[in-house]
Amino acid sequence: MTPTQPAGAWSRRTFLRRTGGLAALGAFAAACGGNTGRPASGGGGGGGGSNTVLSQWYHQYGEAGTKEAALKYAKAYDKAAVNVQWTPGDYASKLASGLLSDKGPDVFESQLNIAMVQSKQVVPLDDIISDVKDDFNANDITTNTVDGKLYGIRMIDDPQLIYYRKSLLDKAGLKPPTTIDELITAAKALTNKNMKGLYAGNDGGLAMGGPALYSSGGSYLTEDHKPNFTGERALKAYSKLHELYASKSMLLGAPTEWTDPGAFINELAAMQWIGLWAMPAIMKKFGDDVGVMAFPKLDAQGKDAVYSGGWTQFVSAKSKNVEAAKKFVRWLWIDKTDFQEDWCLSYGFHIPPRKSLAAKAKKLQTGPAAEAVKLAADNGFTDNPAWTPKMGSAFGDMLTNIIKKGADPAAEAKKAEKTTQAELDRLFG
């Protein structure tokens, strides 16, 4: 099904990318003094066989049926009553406020940021995952670990890729691009009076900035917490994104954002950057005429890159029922494999974080879905909890100035590096 979002609201993928994959914007805001949340809305109740009542917070998912599924899971739990809070609109601000209070969530979804740990907003969950930890994707463990402790249980993995129409590439005498230069060439060749070659968002493709960095061999931060996005090869990759934008082969002004497959389905673009979640809708329209590829490597010395976003379940340290909340998280996201499979595969496609579930997921075993899973396994990278929203904003500003304005990459990267280093000094001394 086609993911949708209410006008003016962020989908989970937009939220993830706009914060540089750092979600925990709420945690960051709280650490900096917080802000006001929005009134609760869209809630629902769960059953339960005890006097314990837990509050579970979700942002508003775009896919039809997700809210009903969340309510079904909560109702099935018999160790506590679970009240589901389904939040349209600005989930980040609501979460920021909620995590400051014991009236906020007991259990909530987000992405880990080091500020959440330093502000003591979340509790370690090593004890509930220890016996199955090796069954989780390694990236999903790393992205939720700070100082050797694991703070969240991954719920879904959302790899982002480039979808393309095989017939259109064949007609143009092209093969799927293997380098950024080939991607630019293909986008130009596929552009005509009826469609553009590539769609990656109405902002000109800022979502591809991270993958472009990784395709050059760089990363946001080094393992010892130093900026790693300002090297010569990274600057070249950013310049290539500007070259792509300036080629007039990218779709701009589309009715839907890149998180929605509408532009591709309605044949406004021959290729589109979007996540695995859109696969069912795209396959329904084009069938076997669909292929997927990673963001192509910068050059022969580079590497293909697949950003894998996702959502993670946490337990609030402010909860009055921490142990009960941990037991619920264990039940839903570790023990109840049928619910986990339903959540990942019945409402769009997502890769189950559990390797054993991913391996047997029939919907992901053939065609482009299987290729997407392989690309994510071979080339995937995900969020670094030490990469804060402030760093992400600086990186986004850098990309905007380079890609859309043609600014000097070295000068822009230096500014972003200065902000990033100040953040790292604050976090790590």
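Quick notes on this one:
- Test: residue in segment 95-110 that is within 21 Å of the chain's Cα centre (by Cα) and over 18 Å from Ala325 (Cβ atoms): yes
- Where strands (runs of 3 or more DSSP E) fall wholly inside segment 63-165, the ranges with 1 or more residues that are in contact with a Pro (Cβ under 8 Å, 6 or more places away or on another chain) and buried (at least 24 other Cβ atoms within 10 Å of the Cβ) are 153-165.
- Matching entry among Gly152, Gly218, Gly210 (being small (Gly, Ala, Ser), within 30 Å of Val322 (Cβ to Cβ) and at pLDDT 95 or above): Gly152
- When residues of segment 181-202 are limited to those that are free of Cβ contacts under 8 Å to residues at least 40 places away in the same chain and in a helix (DSSP H, G or I), the one nearest to Ala263 (Cα to Cα): Ala189
- Segment 113-131 residues that are closer than 21 Å to Lys320 by Cβ and of a type in the set (Phe, Trp, Tyr), paired with ones that are open to solvent by 50 Å² or more (accessible area, probe 1.4 Å) and not in a loop (DSSP other than H, G, I, E, B) (beta carbon under 6 Å, 6 or more apart): none
- Residues that are surrounded by fewer than 24 Cβ atoms within 10 Å (Cβ to Cβ) and small (Gly, Ala, Ser) were ranked within segment 370-391; the one that is nearest to Ala212 (Cα to Cα) is Gly380.
- Entry remark, segment 124-167: residues being hydrophobic (A, V, I, L, M, F, W, C) and either more than 21 Å from the chain's Cα centre (by Cα) or over 30 Å from Gly291 (Cβ atoms) (or both) number 8 in total.
- Criterion: in a helix (DSSP H, G or I), at pLDDT 95 or above and over 22 Å from Ala200 (Cα atoms) - qualifying residue of Ala394, Ala377, Ala370: Ala370
- Residue pairs meeting the criteria (Cβ under 8 Å; at least 6 apart or on separate chains; first on the phi > 0 side of the Ramachandran plot, in segment 294-309; second aliphatic (A, V, I, L, M) and open to solvent by 10 Å² or more (accessible area, probe 1.4 Å)): none
- In this structure, Ala394 does not qualify as open to solvent by 30 Å² or more (accessible area, probe 1.4 Å), among the small types (Gly, Ala, Ser), out of contact with any Leu (no Cβ under 8 Å at 6 or more places or on another chain) and closer than 30 Å to Phe229 by Cβ.
- Lys355 being of a type in the set (D, E, K, R), out of contact with any helix residue (DSSP H, G or I) (no Cβ under 8 Å at 6 or more places or on another chain) and open to solvent by 10 Å² or more (accessible area, probe 1.4 Å): no
- Filter result (of a type in the set (Val, Ile, Thr) and either in contact with a strand residue (DSSP E or B) (Cβ under 9 Å, 6 or more places away or on another chain) or touching a residue at least 24 places away in the same chain (Cβ under 8 Å) (or both)) within segment 245-279: Thr259, Ile265, Ile274
- For segment 397-421, taking the residues that are open to solvent by 60 Å² or more (accessible area, probe 1.4 Å) and in a helix (DSSP H, G or I), the one that is nearest to Tyr220 (Cα to Cα) is identified as Glu417.
- Some residue of segment 230-248 being open to solvent by less than 10 Å² (accessible area, probe 1.4 Å) and either within 21 Å of Ser167 (Cβ to Cβ) or assigned to a loop (DSSP other than H, G, I, E, B) (or both): no
- Taken over segment 269-292, residues that are of a type in the set (A, V, I, L, M, F, W, C) and more than 24 Å from the chain's Cα centre (by Cα) amount to 1.
- Within segment 215-244, residues that are more than 21 Å from Asp181 (Cβ to Cβ) and in contact (Cβ under 8 Å) with a residue 24 or more places away in the chain have Cβ atoms under 8 Å from residues that are part of a helix (DSSP H, G or I) and basic (Lys, Arg) in these pairs: Thr230/Lys414, counting only partners at least 6 apart in sequence or on another chain.
- Residues that are in contact (Cβ under 8 Å) with a residue 40 or more places away in the chain, surrounded by fewer than 20 Cβ atoms within 10 Å (Cβ to Cβ), touching a strand residue (DSSP E or B) at 6+ places or on another chain (Cβ under 9 Å) and farther than 24 Å from Ala422 by Cβ do not occur anywhere in segment 207-214.
- Asp338 satisfies every condition listed in (1) open to solvent by 10 Å² or more (accessible area, probe 1.4 Å); (2) in contact (Cβ under 8 Å) with a residue 40 or more places away in the chain except (2).
- Only one of the numbered conditions (1) open to solvent by 10 Å² or more (accessible area, probe 1.4 Å); (2) within 29 Å of Glu423 (Cα to Cα); (3) assigned to a helix (DSSP H, G or I) is not met by Glu223, and that is (3).
The values are calculated or read from the model by the stated rules, or taken from the named source; none is laboratory data. Keep in mind the model is a prediction, meaning the values are calculated, not measured. Note that each Cβ is placed from the backbone with ideal geometry, even for glycine, and that neighbours are counted across all protein chains shown. What goes into the accessible areas is simple: the full protein's heavy atoms, side chains included, and nothing from ligands, DNA or RNA. Shrake-Rupley method; radii C 1.70, N 1.55, O 1.52, S 1.80 Å.
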